[in-house]
Amino acid sequence: MRTKIIIGNWKMNKTRQEAHDTVAAFTELVKNVDGVEFGFCPPFVYLAELASSSSISIGFGAQDVFWAGSGAFTGFTSVAMLQDIGAKYAIIGHSERRGRFGKLEVPASTVGSFAETDETVNLKLKACLAGGIVPIVCCGETLAEREAGNTDSVIATQIAGALDGIVEADMGPLVIAYEPVWAIGTGKVCDSAEANRVCAMIRGCLPASIQATTRIQYGGSVNPGNARELFSMPDIDGGLVGGASLKAEDFAQVVLAAV
Ligand code: PEP
């Protein structure tokens, strides 16, 4: 039995006070919830203080991490630093960090600033697995890739690239988030049967020994109205939640939908 995992990705939102207020309100709403794992990935600047202030079992994580241990890497944060401040998770390869920042209106000339690739995802995944941070590896197809009938092959390539060179025995903590790019922040949720089909396909891409135990989340416009149906699907083990994690009441309802 896989414990469902619901993670809120705040992206670049909230003031420091709003961050604390949201966590405090959420804590009140979920303090008696059992049997589901949940947490937030706030902006880096708030991560340390939120991770050390939580009174219940809310896990906190980073929205990104760098693979090197230390050194001359201006602006980056290592796995060891995340460990040091009590962070539990790191999101890796979010579509807003891959390619054109997930947004076609961003000019091609800036792509190099954000262009996470399957290779960088692989390096970050290895660093997390070696350093005790739970990696949440994002994968998903764009609308153009779906319309061209390439959803499964795109995702299979992303998963193969992410896992390249990692031995099965080290993959235990791995969490995967299936996030169709066209569903992120758009209000267009993927049909639950189709999301489940893709999550099952992803499971089939994993080494046989970890297929039954690896948690695969769905992400893309999850909200209190659609979460229960999505989380009732056999191959969907929770959600990576953007917009609906910004309000304590909405996120608590999403968490309760997984119980
Ligand atoms: C996300 O940022 O990973 C996400 C799924 O966002 P939203 O829930 O807003 O679509």
### Task
Report the residue, chosen from 160, 19, 108, that carries the largest GNM mean-square fluctuation when the chain is represented by alpha-carbon nodes joined by springs under 10 Å.
108
### For the chain: relative contact order, % (alpha-carbon pairs under 8 angstrom, 6 or more apart)
22 percent
### Summary
accessible surface per residue for the chain, probe 1.4 Å, DNA/RNA/ligands not counted, whole Å² -> 44 Å²
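For the chain, with all protein chains present and a 1.4 Å probe, just round the carbon and sulfur fraction of the accessible area to a whole percent.
Values: 6220 of 11410 Å².
Carbon and sulfur: 55 percent of the exposed surface of the chain.
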### Query
residue 57 versus residue 20, label points 7 Å from Cα toward the beta carbon: distance in nm?
2.7 nm
### Task
Just report the Cα centroid separation between the range 198-259 and the range 111-174, whole Å.
17 Å
### Summary
Cross-link reach from residue 14 to lysines, straight Cα distance under 28 Å and at least 8 residues apart if same chain, gives 4, 31, 88, 103, 124, 188, 247
## Note on the structure
Computed from every Cα-Cα pair in the range 4-256, P(r) in 5 Å bins starting at 0 and rounded to whole percents is 1, 6, 14, 19, 21, 18, 13, 6, 2, 0
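Return the calculated 222 nm mean residue ellipticity for the chain, to the nearest 500 deg cm²/dmol, obtained by summing -39500 (n - 2.57) across DSSP H runs with n ≥ 4 and dividing by the residue count. Can you show the working numbers first?
On the way: 9 runs with 91 residues, N = 259.
The helix contribution divided over the chain gives -10500 deg cm²/dmol.
Is the range 138-259 rounded, prolate or oblate when judged by the Cα gyration tensor, a ≥ b ≥ c being the square roots of its eigenvalues, rounded requiring a/c under 1.5 and prolate requiring a/b larger than b/c?
Details: a/c = 2.00, a/b = 1.34, b/c = 1.49.
Oblate shape, in that a/c is at least 1.5 and b/c is the bigger or equal ratio.
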### Query
So how much accessible area does residue 230 have, in Å² to the nearest 10, using a 1.4 Å probe?
0 Å²
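The values are calculated or read from the model by the stated rules, or taken from the named source; none is laboratory data. Model, not experiment: these values are computed from the prediction. Cβ sites come from the backbone with ideal geometry, for glycine too, and all protein chains shown count toward neighbours. Heavy atoms of the whole protein, side chains included, go into the accessibility calculation; ligands, DNA and RNA do not. Shrake-Rupley method; radii C 1.70, N 1.55, O 1.52, S 1.80 Å.
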